[in-house]
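See below for the structure under consideration.
The values are calculated or read from the model by the stated rules, or taken from the named source; none is laboratory data. Values in this document were obtained by computation on a predicted structure and should not be read as measured data. Neighbour counts are summed over all protein chains in view; Cβ atoms, including those assigned to glycine, are modelled from backbone coordinates with ideal geometry.
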Amino acid sequence: MPLFSRDESFALARELVAKSPAAETEVTVESTVDRFVRYAGVGPTQSADRERVDVAIRVRVEKNGGVGEARAEAATLERSALERTLGHALELAEAAVAPLQLIPLGGPVEVEESCAAPASLAHPFEAKADAVARALARSREAGFAPAGLFETWSATRALVNSRGREVFGANSRASFSIVASGPTSSGFADTIDADVANLDVAGAIERALEDAARSRDPSPIEPGEYEVVLGPHAASALLLFLAYEGLSARALEERTSFLAGRVGEPLAADAFDLVDDARHPKNPGWLFDGEGTARERRILFERGRALGVVSDRAHAHLTDGRSTGHALPQPSNSGPLPQNLVVGAGVSSLEELIARVERGLFITQLHYVNSIEPRELVLTGVIRHGAWRIEQGRLAAPVSGLRFTDSLVRVLKDLRGVGSELVRCGALFDGEVATPALHLGSLRFTSSTRGA
Amino acid sequence: MERLAKEAIERGLALGATYVDARVERIASETLVVRNERLSEASSREEFGLAVRALVDGAFGFAAAPLARGDASTARALAERAVALGRKLAPARTSKVELSPEPPAVGEFKTPFAIDPFALRDAEKLGPLRAAVAALGGRSEVSIREATFGARSRISWFASSEGAAFHQELLRTGAGIAATATASGEVVTRSWPASLGGDYQPGGFERVAEFELLAHAPRVRDEAIELCSAPTCEPGRHDLVLASNLLMLVIHESVGHATELDRALGCETDLAGHSFATPDRRGTLLFGSPWVELVADSTAVGGLDTRGIDDEGVRSQRWPLIHAGRLVDFQSSREWASALGASSSRGNARAQSWYHPPIVRITNVCLEPGSWDLEALVADTGDGILCDGVKMWSIDEQRRNFQFTAELGVEIRGGKRGRLVRAPTFTGDTLEFWRSCDAVCGPLHFRWWGITNCGKGNPMQEAEMSHGAAPARFRRVRFLAG
């Protein structure tokens, strides 16, 4: 099954909208092609050549002065199943009827059509196998065991509703990652881009091997408060929690957000700028949201001042009466979500950030970060894949695992520097951020992990 | 369906594969969430697809696509793609994949249930949720009142080139309530019967009634409010009595994941990490105290991963992971069992759906009950903290250093329950922690808890399983300042 074209997607979506007897109907058709090779020291361990189609039908029914809204989805091409899905959406919506006022679905809108990178869609398994073979060979030469993933993913998405909104776009993502592990150390690197042609696979392999080599035989270190430079991957693991926990209009309205009562205040140091921007070349995404609204470039922090949140149609009253285009597929029990965060780059190289630290730590990655408390964004997690002491502005001895527990709100107030190189990276849970390295005045480490 | 699976297998063998399996799956799910007075989520999902896995020249290839009934051409095409993929990847393997020998599974398994949640009218499912949300109300401090219902049905036809032919119908249903209070500058969520969307059990809608959501709603609401002004935990070492709805997640993170054989052999390193419980330590590693008996069981009555076979046709089974405190076994698939030199797989190869290749997944794992009565255990503890409900969890890549935050703590003073403590956070080392376990409550307190969103693999996929436990005591556990 190749990717659905614009015409195929619209034809299916329009057909289902036309069939629906609901007062309002919205249909989303998404087709996906995903090809990946996962590998470890033995070579490829898991791989897949797979595709899917996902059809979501959102309906609103009116009855006895009330309105009910529901969504039903089908990952199948069976016509009978799609009709059953429409029927179930209607049944669910009937059950949901309540004396509520719902904002009508959005009408026609102009949204620029995004494109998938042709090279990512066409990328062959032979090329993935070659990259894996290179990772294995170089790791063997360097004395480390590799593990990682090479994936190319492409998708098209169309949304049609009964008020005349019709939007379409395509997207792609290519990534190569490697963890190089030795008896006492490891190194990690990845390269992510919409276009597989822009990946630097050889560079990622060498960076991971270099970090694994220079983090050999780490020394234990006492927990406590340290000045730190976080590499982009470590920074992304923290910053994603701004999105998960607080940059949503719903969290602000329900006062669970760290921004509750603080919008407009200088919550972070002057050096911190943050936007959500689906058109940013370093973290591009879908140009319309789960309701077909165009994604707005949204300034969230400017010179450390928290300027606001992202919204959907239901929470537009919190963003000047206009949805910012950050809805998840509706109806949803989750609020709007920024999905293309970009930190404003500074002017310092990573080496310059490190050079400013008299005594501290450089951390490449934070693992299994989770949130303890939402209002101050108290997070915990552990360091991995390389951490070093910084002594007199230079990287010194590697250190072994530490667990931090600290408030992200607190540490961003003492942000002392921002790197100049934006890197697109994610963490254990969903999402990616384009961020440079960050220099923090302090981060509290609460326990040390122990060797087995 | 079986014919489509066999069509794929025949095509794969004809193209030179040495082993082929195929899964045809129809998956249905439904979620209802009442948030305050509004039905904030009413969604359903249906999937129908085919997965084909082929072993060619010592490497696996996998292909998957959505299916239409009787679609033999897709079945054959997927077999061709799976074979082609295996063949392309084989040169990059340093050793050939070998599969442990297994008898071909033939038969069927169905989760027992009384009330099919998908046959029930939606209004009937919403009734208990709306009533519970109303019962969470009445106090202005509570800003979010939520009740959730979910059900998932997975019907599969599995066949392999070794002669396996198995039909399976799995069903799970669950529900839960939660109240979020905002007061005294704090935001506190309290839930029942479990955090993060409730508890899930094998079976049908009859399971929802067992949770008694309506009866527990006022207590849940009041505890959320009380916790906002409750003190935080005194930092330092305290004896810990863990309720089973939190102990189950400690089992999951520190025992379940640690004993996955692919992880222990270094093949999960690129995402979630490695494990300290390596095969060379089997039989010698003192994992816990003599009271600690941890058993894996994909046959357990009450487990979400209770089924007839795994996703490569290996029969379900029960076996010890930690016996008398020592590490004795792992959770495995045919490939990794063979790599370890084991005579057979433990049957833990599972996939989220037809779209995903099977990987080693945690099955139902339980801490065997001891003999204590809970109130006697509290009285015997003298001073300590009882922790209940999951608020937060995190564990390192070796599965050694962990940190958990409970929804609610209760001070134990002089052997009696005292005041509530907000969000007690304890941290420790897996081995020290399990070695400090000196009491486990008896069978009357034992219960299975369902997990529906365990993430693993890269690209990540989700799996479901249950963990069983009765409350247990752990000595001198380190608590952080609140």
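Observations, loosely collected:
- Unique match (being part of a helix (DSSP H, G or I) and either modelled with pLDDT of 95 or more or touching a strand residue (DSSP E or B) at 6+ places or on another chain (Cβ under 6 Å) (or both)) among A:L379, A:L412: A:L412
- Residue in region B:230-243 that is part of a helix (DSSP H, G or I) and either touching a residue at least 60 places away in the same chain (Cβ under 8 Å) or β-branched (V, I, T) (or both) present: no
- Any hit, region A:126-147, residues being of a type in the set (S, T, N, Q) and in a helix (DSSP H, G or I): yes
- Residue in region B:10-30 that is of a type in the set (G, A, S), within 30 Å of B:V133 (Cα to Cα) and surrounded by fewer than 22 Cβ atoms within 10 Å (Cβ to Cβ) present: yes
- Residue match in region A:191-206 (condition: of a type in the set (G, A, S), within 14 Å of chain B (Cβ to nearest Cβ) and touching a residue at least 12 places away in the same chain (Cβ under 8 Å)): yes
- Of all residues in region A:205-247 being aromatic (F, W, Y) and assigned to a helix (DSSP H, G or I), the one that is nearest to A:A387 (Cα to Cα): A:F241
Yes/no matrix, rows are residues, columns are (1) at positive phi; (2) in contact with a Leu (Cβ under 6 Å, 6 or more places away or on another chain); (3) within 11 Å of another protein chain (Cβ to nearest Cβ); (4) free of Cβ contacts under 8 Å to residues at least 60 places away in the same chain:
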site	(1), (2), (3), (4)
A:E141	no, no, no, yes
A:L149	no, no, yes, no
A:R157	no, no, no, no
A:V167	no, yes, no, no
A:S177	no, yes, yes, yes
A:P183	no, no, no, yes
A:F188	no, no, yes, no
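- If you go through region A:335-374 and pick out every residue that is over 30 Å from B:T180 (Cα atoms) and either within 14 Å of chain B (Cβ to nearest Cβ) or not small (G, A, S) (or both), you end up with 17.
- The strands (runs of 3 or more DSSP E) found wholly in region B:408-482 and carrying at least 2 residues that are surrounded by fewer than 19 Cβ atoms within 10 Å (Cβ to Cβ) occupy B:416-422, B:447-456, B:472-479.
- Of residues in region B:95-118 being surrounded by fewer than 13 Cβ atoms within 10 Å (Cβ to Cβ) and touching a helix residue (DSSP H, G or I) at 6+ places or on another chain (Cβ under 9 Å), the one farthest from B:S161 (Cα to Cα): B:A114
- Scan of region A:16-47 for residues that are in a strand (DSSP E or B) and either more than 22 Å from the chain's Cα centre (by Cα) or not assigned by TED's automatic domain parsing to the domain that holds A:P99 (or both), ordered by number: A:E24, A:T25, A:E26, A:V27, A:Y39, A:A40, A:G43, A:P44, A:T45, A:Q46, A:S47
- B:V188 being touching a helix residue (DSSP H, G or I) at 6+ places or on another chain (Cβ under 7 Å), modelled with pLDDT of 95 or more and farther than 15 Å from B:A131 by Cβ: yes
- Scan of region A:64-101 for residues that are more than 8 Å from chain B (Cβ to nearest Cβ) and either crowded, with 22+ Cβ neighbours inside 10 Å or touching a helix residue (DSSP H, G or I) at 6+ places or on another chain (Cβ under 7 Å) (or both), ordered by number: A:L82, A:L86
- Selection of region B:463-482 for residues being within 29 Å of A:D406 (Cα to Cα) and of a type outside the set (K, R) yields B:F474, B:V477, B:F479, B:L480, B:A481, B:G482.
- Top-ranked residue of region B:58-73 - restricted to ones that are touching a residue at least 24 places away in the same chain (Cβ under 8 Å) and either farther than 27 Å from B:R334 by Cα or of a type in the set (A, V, I, L, M, F, W, C) (or both), ranked as farthest from the other protein chains (Cβ to nearest Cβ): B:A72
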